[in-house]
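So the structure is just underneath, and the comments pick up after that.
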Amino acid sequence: MKKIGILTFHKSINYGSVLQAWALYNVLRDYDISVIDYEPDVYRDKYCLFSSAKRWKHNINRLLNCMAIKRQIQGFAEFRSEYLPLTKKCTSSDISENTFAKYDAIITGSDQIWNVRAEDADDAFFLPYSISAKKIAYACSINNTDFTEKRCDKKLKKWISDYDFISIREKSGANKVSTFLNDEKTIYTVLDPTLLNTKDAFDAITNNRIIKSPYIFLYNVWSGMEAVKAAKEISEITGLPVYTAMMDSRIKQILCAEKQGIRVETKHTSPQDFLSLIKYSDLVVTDSFHGTAFSLIFEKKFVCINPKDEFGHLKNDERIVNILDITNLKERYISMDDIDDFDFHKDIDYTIVTQKRMKEAERCKELLVGAIEGKINS
């Protein structure tokens, strides 16, 4: 049986990141598979209870909410320990060729591990090592980066060119990577690992219902006020209260949301709780790719909020555009200007949507297994 290692953003305090890691592991259970417990140095400052002394204002803001933050960190740690087959922990100082020596294939991805503008971007996720294992990139996202950034130099081009199989999560990203490599590799477009799994698979790791009465679930991972204001307006139209998971743990941002009538869940904040909040909601309002993905998986009524930039132009998150295009649900990507005319009670025919998603999922799984078995290359 082939030994497979997954290298991805499993260690961040981000629901989409840890759940996509579990999702990829779940579809590859037939292999001897493990998640390489890699923690980049930047994570010590980004996801710990308190950051370095230089960020004292940030720490004071978190101090007022420290018990909730600690509870959330613990919830994520317990999820990883229970549901992910983790290796021994390694950091930026000790990850090396030896880390990958026992594997037949290393899969980097999914999530935004190839987004060179991301705060937690790290060379290790490009596998800059001389190893015998097959190098497979599965559904790596570059989001809205151009791949013309300064970091995208000859060294990076060599690292990516060394991959045996390359797949990207969004079509535009696949085109950018292909151009970066001078069209010398076939770059596949595939689904995020979460979307390869059935609703039943996620039901098995979802906690019981938390909120007993009907509600709207808001998931705005970037804590943008536009999504908060949209949720407030939709609440007034539908008569449903809005709950959200604690993502930005600074007390100032939590109070801003609560001032808008948004109820911030600070006690039930584990990945299993997040799944519950989506599963049992009556409507999901989100500006997040994974908020969109889990709305599709749990077959929920949902809208994606398309915020505007400083010049008044719609941002058009390419990851969201891509999955809504695949499922023929582009009308669910709305701006603030569309809210008054949108029918929030309109059902989605998930018989058709899920059928399309699972058909695409089978194609993606065949590509992934083919890459592992050495039958498909880029």
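The values are calculated or read from the model by the stated rules, or taken from the named source; none is laboratory data. What you see is a predicted model, and the numbers here were worked out from it, not measured in a lab. Cβ atoms come from the backbone with ideal geometry, glycine included; neighbour counts cover every protein chain shown. Please note that ligands, DNA and RNA were not included when accessible areas were found on the heavy atoms of the full protein model with its side chains. Shrake-Rupley method; radii C 1.70, N 1.55, O 1.52, S 1.80 Å.
Of note:
- Among residues of region 304-314, those that are within 21 Å of the chain's Cα centre (by Cα) and in contact (Cβ under 8 Å) with a residue 40 or more places away in the chain, counted: 2
- Residues located in region 116-144, provided they are within 16 Å of the chain's Cα centre (by Cα) and open to solvent by less than 10 Å² (accessible area, probe 1.4 Å): F125, A137, Y138, A139, C140, S141, I142
- Any hit, region 346-359, residues being in contact (Cβ under 8 Å) with a residue 12 or more places away in the chain and touching a strand residue (DSSP E or B) at 6+ places or on another chain (Cβ under 7 Å): no
- Residue match in region 76-94 (condition: open to solvent by 30 Å² or more (accessible area, probe 1.4 Å), in a helix (DSSP H, G or I), touching a residue at least 60 places away in the same chain (Cβ under 8 Å) and not acidic (D, E)): yes
- Of all residues in region 357-378 being buried (at least 16 other Cβ atoms within 10 Å of the Cβ) and of a type in the set (K, R), the one that is farthest from E184 (Cα to Cα): R357
- Being open to solvent by 20 Å² or more (accessible area, probe 1.4 Å) and closer than 23 Å to T189 by Cβ is a property that does not hold for N61.
- Top-ranked residue of region 214-268 - restricted to ones that are within 23 Å of the chain's Cα centre (by Cα), among the β-branched types (V, I, T) and in a helix (DSSP H, G or I), ranked as nearest to E299 (Cα to Cα): V228
- Test for S295: is it at pLDDT 95 or above and either among the polar types (S, T, N, Q) or at negative phi (or both): yes
- Check on F9, among the aromatic types (F, W, Y), under 27 Å from A137 (Cβ atoms), open to solvent by less than 30 Å² (accessible area, probe 1.4 Å) and part of a helix (DSSP H, G or I): no
- Considering region 196-213, and only residues there that are within 23 Å of the chain's Cα centre (by Cα) and without any contact (Cβ under 8 Å) to a residue 40 or more places away in the chain, the residue that is surrounded by the most Cβ atoms within 10 Å (Cβ to Cβ) turns out to be A204.
- So N182, is it more than 25 Å from F100 (Cα to Cα), open to solvent by 40 Å² or more (accessible area, probe 1.4 Å), in contact (Cβ under 8 Å) with a residue 40 or more places away in the chain and not in a helix (DSSP H, G or I): no
- Every residue from region 305-337 that is polar (S, T, N, Q) and open to solvent by less than 50 Å² (accessible area, probe 1.4 Å): N306, N322, T327, S335
- Filter pass, I4 being over 22 Å from Y163 (Cα atoms) and surrounded by 15 or more Cβ atoms within 10 Å (Cβ to Cβ): no
- When V177 is tested against (1) over 17 Å from N377 (Cα atoms); (2) open to solvent by less than 40 Å² (accessible area, probe 1.4 Å), exactly one condition is not met: (1).
- Residue that is modelled with the lowest pLDDT [pool: residues in region 96-115 that are aliphatic (A, V, I, L, M) and open to solvent by less than 20 Å² (accessible area, probe 1.4 Å)]: I113
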